[in-house]
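The block underneath contains the structure these notes are about, expressed in C-alpha cells.
The values are calculated or read from the model by the stated rules, or taken from the named source; none is laboratory data. Because the structure is a prediction, the values reported are computed rather than measured. Note that we place each Cβ from the backbone using ideal geometry, even for glycine, and neighbour counts take in every protein chain shown. Just the protein is used for accessible areas: all its heavy atoms, side chains included, with ligands, DNA and RNA removed. Shrake-Rupley method; radii C 1.70, N 1.55, O 1.52, S 1.80 Å.
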Amino acid sequence: MTVTVERGGRGGRGSRRGPGSRGGDVVEAHHHAKGPRRPRDSYALFLLPGVLAFFAIIVVPFLMNTGVSFTEWQGVGTPKWTGLANYRELLDDSEFWASFRHSLFMVVAMAAVPTVVGLVLAAALFDFVGKHFGSRTVAVLRACFYLPQVLPIAVAGIVWSWILAPENGSLNELLKAIGLGSLQQDWLGDPDLALYTVMGVMVWVQLGFPLVVFMAGLQRVDPQLYEAAELDGAGWWRRFWHITLPQIRPEIYVVLLWCTIAALKVFGAVYVLTKGGPGGATNVPSYFSFTTFFEKTQVGYGAAISTVLTVIILVLALAGLKLQTRAEDAEEGLRV
C-alpha cells in the first residue's frame with residue numbers, strides 16, 4: 001500500500017501518514033528550517049559605534065602620545081624629533097623607578113589585600129551572616145562595604161585628609177581621647193608614613209569591589225556542596241578552603257587582574273591626598289607623568305612615561321587573560 005504525503009494542512013485531505021512516512025516530517029522540518037535568517041553582517045552594525053569610539057578615544061590618542069614621546073616639546077611650537085632619547089633618559093631616572101616601586105605597593109593595597117579580605121568577608125556574609133541574620137542584613141552590610149566605590153575619589157580623599165590631619169584630625173583626636181596620644185602622627189606629612197597611609201585609604205576604597213564580585217560568584221555555587229561538607233563535619237574554614245575557593249576561581253582571576261590594573265594607573269587618590277609628597281614619598285607613574293606634562297612642561301618626556309606605563313598595563317592584562325584561559329582549559333580537561 002502506498003501512502004502519499006502532502007505538505008498541506010495537517011488535518012487536510014491526503015495528509016494521512018503511515019508507518020513509513022517519516023520523509024514527510026523531514027520535508028516539513030526542512031521547510032521550517034528555511035525560514036528567514038538574520039544575516040551575520042547585521043551584527044557588525046551593533047559593534048560599529050563601540051569600535052569607532054574605541055579607536056577615537058583610546059587607539060588614536062595612544063598613537064599620538066607615542067609619537068610625541070619621540071620628541072622634545074614644551075607643548076607649544078614645533079616638536080623636535082629626538083628618537084629614543086626620552087626612553088634612554090627614563091632608564092636612568094631614579095625618580096621614575098621610585099614611582100614605579102610605589103605603584104607596586106599600591107598593587108598590594110588595591111589588589112592583594114582587598115582580594116584576600118574580600119574573599120573572607122564574602123564567604124562569611126554568604127555562609128554565616130545570611131544563615132543567622134537573614135538576607136536583608138547581608139544586603140545592608142554589602143552596601144556599606146561597597147559605598148566607598150560609589151563615592152567620587154575626590155570626595156573620599158578630601159574626607160580622609162580631614163580625618164588624617166595632624167592638627168584637629170579625627171584620628172589623632174580619637175587617639176588622644178582614649179589615652180593613646182603618643183601614637184599621634186602626621187599621617188600624610190611624614191615621608192616614612194605617607195605611603196602606608198595612602199595604602200590604608202586605598203584598601204578602604206577598593207574593598208567593596210571584590211566583595212560584591214565574590215558574593216555574586218557564590219550565588220552560582222551548588223548549596224548541596226556546603227550541606228554535604230557540613231554533614232561530614234567540616235567547619236567553616238574547611239568549607240571555605242575546599243569549596244568556596246575552587247568554585248569561584250574565575251572571579252578571583254577577574255578581581256586580581258582588574259584591581260592590579262587599577263593600582264598601576266591610580267592617580268586621583270594620590271593627587272587629592274598628598275600630590276606625590278612629601279618629598280616624592282607617594283609619587284606613582286601616573287602622577288609623575290602628570291607633573292612632567294603640566295608642571296615641568298616636558299611634554300615629550302611625560303608622553304614617554306605614560307607610554308611605558310600603558311605598555312606595562314597592556315602586557316600584564318594579556319598575560320593575566322592568558323593565564324586565566326589556560327587555567328580554565330586545564331579545569332575543563334580534568335572534568336572531561
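General observations
- Among residues of the stretch 162-174, those that are open to solvent by 60 Å² or more (accessible area, probe 1.4 Å) and part of a helix (DSSP H, G or I), counted: 4
- Taking the stretch 45-145 as the region of interest, the helices (runs of 4 or more DSSP H) fully inside it that hold 3 or more residues being under 24 Å from T310 (Cβ atoms) and modelled with pLDDT of 90 or more are 60-68, 85-91, 94-107.
- Selection from the stretch 249-276 of residues that are over 13 Å from the mean Cα position of the chain (by Cα) and open to solvent by less than 10 Å² (accessible area, probe 1.4 Å): A269, V270, G276
- Only one of the numbered conditions (1) surrounded by fewer than 13 Cβ atoms within 10 Å (Cβ to Cβ); (2) touching a residue at least 24 places away in the same chain (Cβ under 8 Å); (3) under 20 Å from G118 (Cβ atoms) is violated by G279, and that is (3).
- Filter pass, T292 being touching a helix residue (DSSP H, G or I) at 6+ places or on another chain (Cβ under 7 Å), free of Cβ contacts under 8 Å to residues at least 60 places away in the same chain and surrounded by 19 or more Cβ atoms within 10 Å (Cβ to Cβ): yes
- In the stretch 220-246, the residue that is surrounded by the most Cβ atoms within 10 Å (Cβ to Cβ) out of those that are within 12 Å of D127 (Cβ to Cβ) and under 27 Å from the mean Cα position of the chain (by Cα) is T244.
- There is at least one residue in the stretch 33-41 that is over 30 Å from L84 (Cβ atoms), part of a helix (DSSP H, G or I), at pLDDT below 70 and not β-branched (V, I, T).
One line per residue, one yes/no per condition, for (1) within 25 Å of G277 (Cβ to Cβ); (2) under 28 Å from the mean Cα position of the chain (by Cα); (3) outside any helix (DSSP H, G or I):
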residue	(1), (2), (3)
K176	no, no, no
G179	no, no, yes
Y196	yes, yes, no
V213	no, yes, no
G217	no, yes, no
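- Only one entry in V221, V159, V155, V201 is of a type in the set (V, I, T), in contact (Cβ under 8 Å) with a residue 12 or more places away in the chain and not in a loop (DSSP other than H, G, I, E, B), namely V201.
- Of all residues making up the stretch 75-94, the number that are surrounded by 13 or more Cβ atoms within 10 Å (Cβ to Cβ) and closer than 16 Å to F293 by Cβ: 6
- Of the numbered criteria (1) open to solvent by less than 10 Å² (accessible area, probe 1.4 Å); (2) part of a helix (DSSP H, G or I); (3) more than 24 Å from V120 (Cβ to Cβ); (4) small (G, A, S), the one S286 fails is (1).
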